[in-house]
Amino acid sequence: MRNICYNGIYYNEQEPVLKAANKSYRYGDGFFETMKIWKGKILLASYHKKRIAKSMARLKFLLPAGMDTDTLFTQITALCAQNNCLEAARVRLSFSNGEGSLFDSNNQLHYLIEAWPLDERINRPNENGLTTGLFAAIKKSCDEFAAIKSASALIYSVAARYCMEHNWDDCILLNQENHVCESSIANIFWIKENRIFTPPLTEGCVEGVMRAYLIDTIGTVREIPCLQKDLQEADEVFLTNAIRGISTVKTFGNRNYSNTIVTELFREYIQPLY
């Protein structure tokens, strides 16, 4: 049986800890962070800290008195140790903006940490590649809040169901301008004539930590809007998130891609993290 950590107190995961008045549950008034633990350390910890700080500032959230991200990260590794997954784990750190109705002022921030063992095979490149298609029923906005991993994630939940209905591994989302934005669980990159591209944050994509790491580390990634035809004409396409690192896309609709450069990127920039 696994444990969770709610507001700094450890509970059995079967124990109820959230109240019905929780604003994240009621209104999606919160955000979350997905992290990967490897050999007892939080990968890309500095990027996660930066994103948490930016999300807090945008939403005007304040950590409880005496609490900081270092303390949170210590509790994360402690929970992983309790759950016997300190070697390899997926962690979800969720924040909710208090309890009550929309206009209630009880906005004391709550946080919940969950941790699950992670199969080490996830560190290997996905040589077979992902099958993907287009999900266009809901469009993402392009405002400053679109970059947050919001608890209000209806678009991603509906998109994931759409993927399962079509037997895809993932699906590509559009923004309000009908530009390619991201996938249901990842940021998107494409390669054309040996140049690497990704949509800028102004296109409404989540500000992924792996995305930021690759942009900083590779140094030559161009951030430009992406049309569907750009994916259709691309040589290679890959997705990124904190858990899988880089995932090769094999198909988008009827378009098939190679993976030569993506495989090299994985070896050069992802494998050294482990």
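The values are calculated or read from the model by the stated rules, or taken from the named source; none is laboratory data. Computed from a prediction, not measured in an experiment: that's the story for all the values here. Here the Cβ is made from the backbone with ideal geometry for all residues, glycine too, and neighbour counts use every protein chain on show.
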Worksheet item: For segment 65-82, what are the residues that are exposed (fewer than 13 other Cβ atoms within 10 Å of the Cβ) and outside any helix (DSSP H, G or I)?
Response: 65, 66, 68
Worksheet item: Which one of these does residue 37 not meet: (1) over 24 Å from residue 270 (Cα atoms); (2) in contact with a Cys (Cβ under 7 Å, 6 or more places away or on another chain)?
Response: (1)
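Do we find that residue 92 is free of Cβ contacts under 8 Å to residues at least 12 places away in the same chain and not assigned by TED's automatic domain parsing to the domain that holds residue 242 in this structure?
No.
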Item to complete: Taking the options 240, 248, 220, name whichever one is polar (S, T, N, Q), outside the structural domain of residue 41 (by TED's automatic domain parsing), crowded, with 17+ Cβ neighbours inside 10 Å and over 21 Å from residue 45 (Cα atoms).
Response: 248
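Keeping to segment 221-250, report how many residues are in a helix (DSSP H, G or I) and either modelled with pLDDT under 95 or among the polar types (S, T, N, Q) (or both). Step through it out loud before you land on a result.
At the first step, the residues of segment 221-250 found to be in a helix (DSSP H, G or I) are 228-232.
If we keep only those that are either modelled with pLDDT under 95 or among the polar types (S, T, N, Q) (or both) too, we end up with 228, 232.
Result for segment 221-250: 2.
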Worksheet item: Restricting the first residue to segment 221-248 and requiring it to be closer than 27 Å to residue 122 by Cα, which pairs with a second residue that is of a type in the set (Asp, Glu) and modelled with pLDDT under 95 meet a Cβ separation below 9 Å and a spacing of at least six or different chains?
Response: 248/127
Worksheet item: Where residues in segment 8-44 are closer than 20 Å to residue 57 by Cα and not hydrophobic (A, V, I, L, M, F, W, C), which of them is surrounded by the most Cβ atoms within 10 Å (Cβ to Cβ)?
Response: 30
Discussion item. So the check is Cβ under 9 Å with 6+ separation or different chains; which pairs have a first residue in segment 32-45 that's over 19 Å from residue 185 (Cβ atoms) and a second one that's β-branched (Val, Ile, Thr) and assigned to a strand (DSSP E or B)?
Written reply: 42/91
Worksheet item: Does segment 101-110 include one or more residues that are hydrophobic (A, V, I, L, M, F, W, C), surrounded by 14 or more Cβ atoms within 10 Å (Cβ to Cβ) and under 19 Å from the mean Cα position of the chain (by Cα)?
Response: no
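Let's see how each residue does on (1) in contact with a strand residue (DSSP E or B) (Cβ under 8 Å, 6 or more places away or on another chain); (2) farther than 16 Å from residue 152 by Cα; (3) assigned by TED's automatic domain parsing to the domain that holds residue 269:
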| residue | (1), (2), (3) |
| --- | --- |
| 24 | yes, no, no |
| 43 | yes, yes, no |
| 58 | no, no, no |
| 70 | no, yes, no |
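Yes/no per residue for (1) among the small types (Gly, Ala, Ser); (2) within 17 Å of the chain's Cα centre (by Cα):
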{"position": "114", "(1), (2)": "no, yes"}
{"position": "122", "(1), (2)": "no, yes"}
{"position": "127", "(1), (2)": "no, no"}
{"position": "136", "(1), (2)": "yes, no"}
{"position": "139", "(1), (2)": "no, no"}
{"position": "144", "(1), (2)": "no, yes"}
{"position": "148", "(1), (2)": "no, yes"}
Worksheet item: Within segment 31-55, restricting attention to residues that are of a type in the set (D, E, K, R) and not in a helix (DSSP H, G or I), which residue is farthest from residue 242 (Cα to Cα)?
Response: 39
Worksheet, complete the sentence: By residue number, the members of segment 61-82 that are of a type in the set (Asp, Glu) and touching a helix residue (DSSP H, G or I) at 6+ places or on another chain (Cβ under 9 Å) are 70
